[in-house]
Amino acid sequence: MMNGGGRRRIVLITGVGKGLGRALALELAHRGHTIIGCSRSQDNLNSLQSQLSFSSSNHLLLNADVSSNENVQEMARVVMDNRSVPDIIGTINKNNKIWEVPPEDFDAVMDTNVKGTANVLRHFIPLMIAAKKMEAVIVNMSSGWGRSGAALVSPYCASKWAIEGLSKSVAKEVPEGIAVVALNPGVINTDMLASCFGPSALLYQQPQAWALKAATMILNLTPADNGASLTV
């Protein structure tokens, strides 16, 4: 996401169709920022567009799969005239011991969480550099499970550990004035948490409550945070 004082920003968020991505998009739009978002579900995009109707900003919602390099390349072409920085929202596999996880489930988690993040970085960092956008911050969504391990979610843990390493490495590659951070959102009552915790997921905060804190934190990040692993 773009940072820069109290000015209005154009914010690119992947995975705006549901969960944390949707909640964050709505919160930032309520604060006057312009949203560029993508999702694989056109129905989810349509309903989000209706929810954004309160805003006078010209939001852009695109049907795209970040695990496809071609999809992200086309998305970058569409928004190349906008100053945009990505925030990545991931997915989780069905809970199982690693030897019981079907190969296609493992691949789906890696394709979205790791390759999807890399695809967005590949196509949007050059746009930021070409536009000489300094004081920009790229927020890669990590997890507490990207810094520890948990049974039955090893593909997800592996993908988020990868996000931590990818973020720290790319932070050393970007030019001065651009920051790359890994952000652990904390524990939120999402579909992902419900799949792990069952009914007890209801004891944790809702995405809307999380977005209030997350938006403030993200908007106040600066290039000085480059390479950091942060938690909301």
Compute for the chain: radius of gyration divided by Kirkwood radius, i.e. Rg/Rh, restricted to C-alpha atoms, rounded to two decimals.
0.94
Reduced to Cα centres, the span from the range 2-65 to the range 192-226 in Å works out to 16
Karplus (6.51, -1.76, 1.60) ³J(HN,Hα), θ = phi - 60°, over the range 18-23, in Hz, Gly and Pro reported as x
7, x, 5, x, 5, 4
Hey, in the GNM for the chain with a 10 angstrom Cα cutoff, which one of W161, W99, W210 fluctuates hardest?
W99
Which of L45, L121, L152 ends up with the largest GNM mean-square fluctuation for the chain, with Cα atoms connected below 10 Å?
L152
What are the ³J(HN,Hα) couplings of the range 207-219, residue after residue, when phi is run through the Karplus curve with 6.51, -1.76, 1.60 and θ = phi - 60°? Round to Hz, x for glycine and proline.
x, 5, 5, 4, 4, 4, 6, 5, 4, 4, 5, 5, 5
Quick calc, N58 & Q208: beta-carbon distance into FRET formula, R0 22 Å, rounding 0.05, result 0.40
Filter on K172/K213; K18/K115; K132/K172; K160/K213; K115/K213; K18/K133 - keep pairs with C-alpha separation over 25 Å
K172/K213; K115/K213; K18/K133
Can you compute the FRET efficiency between M80 and E104 using 1/(1 + (r/R0)^6), with r the Cβ-Cβ distance and R0 = 30 Å? Round to the nearest 0.05.
0.35
Which one of I98, I178, I36 has the biggest mean-square fluctuation once the chain is modelled by GNM with Cα springs under 10 Å?
I98
What residues have an amide H closer than 5 Å to that of I36, excluding those fewer than 5 places away on the same chain, when H is modeled at 1.01 Å from N in the peptide plane?
V11, L12, I13, L60
Name the long-range amide H neighbours of A228: under 5 Å, sequence gap of 5 or more, or other chain; modelled H, no Pro or chain starts.
A182
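Read the figures in this text as sums done on the coordinates, not as results from a lab. Note that this is a predicted model, so its numbers are computed, not measured. Virtual Cβ from ideal backbone geometry, glycine too; neighbours counted across all protein chains shown.
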